[in-house]
1. Per residue, how much accessible area does the chain show when a 1.4 Å probe rolls over the protein heavy atoms, in square angstrom?
2. Quick one: how many lysine pairs in the stretch 215-339 have C-alpha atoms under 24 angstrom apart, if they're 8 or more apart or on different chains?
3. Hull surface divided by four, with the convex hull built on the Cα atoms of the stretch 6-98: how many nm²?
4. Given 4 °C and 1.567 mPa s, compute D for the stretch 199-269 with the Stokes-Einstein relation, Rh being the Kirkwood radius over Cα pairs; round to the nearest whole µm²/s.
5. Round to a whole number: what % of the accessible area of the chain belongs to carbon and sulfur, probe 1.4 Å?
6. List the lysines whose Cα lies under 21 Å from the Cα of LYS39, skipping any in the same chain that are fewer than 8 positions away.
7. Magnitude of the Cβ-charge dipole of the stretch 6-98, K/R +1 and D/E -1, about the Cα centre, nearest 20 debye?
8. Please list 155-163, 384-392 highest first by mean number of surrounding beta-carbon atoms within 10 Å per residue.
Amino acid sequence: MKSDTIVAISTPRGVGGIAVARLSGDEALAIALRHLSVKTLASHHAVYCRFDELDDVVATYFPKGYTGEPTVEISCHGSLYVQQALLQTLVDDGARLAEAGEFTRRAFLNGRLDLSQAEAVADLIDSVTPAQHRLAVSQLRGGYAQKLKELRQQLLDFTSLLELELDFSQEDVEFADRSQLRKILSTLHFQISTLIASFSLGNAIKRGVPVAIVGKPNAGKSSLLNALLGDDRAIVSDLPGTTRDTIEETLTLDGITFRFIDTAGLRHSDDQVETLGVERSRKAVAQADIVLYLHDATTPWTEPDIDLADKTFFVVHTKADIPTAVERVGELFISTKTGYGLDALKQKIIDTFRSRMGKENDIMLTNARHYEALGRVKQALDAVAQGLDGGIPADLVAVDLRDALYHLGTITGEVTSEEMLGNVFGRFCIGK
Ligand SMILES: Nc1nc2c(ncn2[C@@H]2O[C@H](COP(=O)(O)OP(=O)(O)OP(=O)(O)O)[C@@H](O)[C@H]2O)c(=O)[nH]1
Ligand SMILES: [Mg+2]
């Protein structure tokens, strides 16, 4: 079946030096040649020519382009008028405007990329910091998806054997070697658990590492947020209980994006709104990777009244510029008035995160869709293992295996649905 030919401007919206229109599909070359001042386009050669009377352009033809289909890329001058007129001409001549992500969707459907790689293209386009870039590139190059694919294949082979047994159930034969299955299961289980565990870190790199700033009212939390941002973002006042809601801002330090979350001061209050705010502070702590507990160093020290299980947390003593502030040796001591100690604090945050990164290996899960799927795979594998232990009949074990296979397949795209593809590619912009 012939694919329809799609077209879009693949460079950002707006005026630029040049803009690139991408035309992909079986008719791409024919349509382009009807408007270019050349008889033909040699594969992979950039040709300077004219597009109708509209513009001087550079055209390049790829018999199997990014999409896996015949593709012509036309670089024109980046005026909005030229871009619009060029698109209009191509559409009038039989091309169709591409939908969001449609080029990448075709690349996936034509087997140029697996689904996880296609998603990595979106991440790569979105990446702003070096760490985000590195993650997207490693996923794009195949990363863990390739491993999962191999394991899925082994599991699939095994399931087929098991199902074959079922056909011979009267004869009491075992084709499928149970110890072999256990081996595959445990490898898979290990890999999946590692990936699942890497998600919080991977996701943090992608979305920003959440750092909660908590402490008693008036400890100087909002002042610290403002000082870090170099901006009067949050209201600061000497009234305890100024901040009622959480305030979140991102800041990139040393190539890592952090999300700093200023919170309402922790105390018991009869004020309903403030109590709600304090609940949010606790939630922010629960969701944070790093917790800064601020203590006003002009007041006596008391233990933090928050649950810090599994958190990287450190105490920051504030208001160092006030003479009555007490410094504690070896602990962070800052003043947002003078800027004292802020660099040390930033460095500590960066080092803390880096040391965590160093501990994890390279594979890192960043994609929420994969995370969810892997959770389901793990559940199914647990059920298989239990089934084997409990001597559950092979047909029931096979059901759980099929379940695991299904969810594994959704990650790389061996199993797809229209809805799922729509979700994945809808994230892209037009022209990608
Ligand atoms: N001298 C001095 N004053 C500070 C410093 N940091 C904060 N303050 C003052 O302490 C008071 C409280 O500061 P905030 O930043 O609003 O404190 P908070 O922890 O956000 O307080 P709540 O939002 O009420 O929980 C304000 O009057 C600030 O000006 C500092 O480093 N030095
Ligand atoms: Mg505040």
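1. Working: 21520 Å² over 432 residues.
Heavy-atom accessible area per residue stands at 50 Å².
2. So the count of such lysine pairs works out to 10.
3. Details: hull surface 20.4 nm².
It is 5.1 nm².
4. Numbers: Rh = 12.7 Å.
Once the numbers are plugged in, D ends up at 102 µm²/s.
5. Numbers: 11250 of 21520 Å².
Within the chain, the accessible surface is 52 percent carbon and sulfur.
6. Excluding near neighbours in sequence, the set is LYS64.
7. Details: 7 positive and 10 negative charges, 40 e Å.
Charge dipole, the stretch 6-98, about its Cα centre: 200 debye, nearest 20.
8. Details: 155-163: 17.9, 384-392: 14.3.
The most tightly packed comes first, giving 155-163, 384-392.
The values are calculated or read from the model by the stated rules, or taken from the named source; none is laboratory data. These numbers come from a predicted model, not from an experiment. Quick reminder, even Gly has a Cβ in these numbers, built from the backbone with ideal geometry, and neighbours come from all protein chains shown. Note: accessible area is taken over every heavy atom of the protein model, side chains too, but ligands, DNA and RNA are not part of it. Shrake-Rupley method; radii C 1.70, N 1.55, O 1.52, S 1.80 Å.
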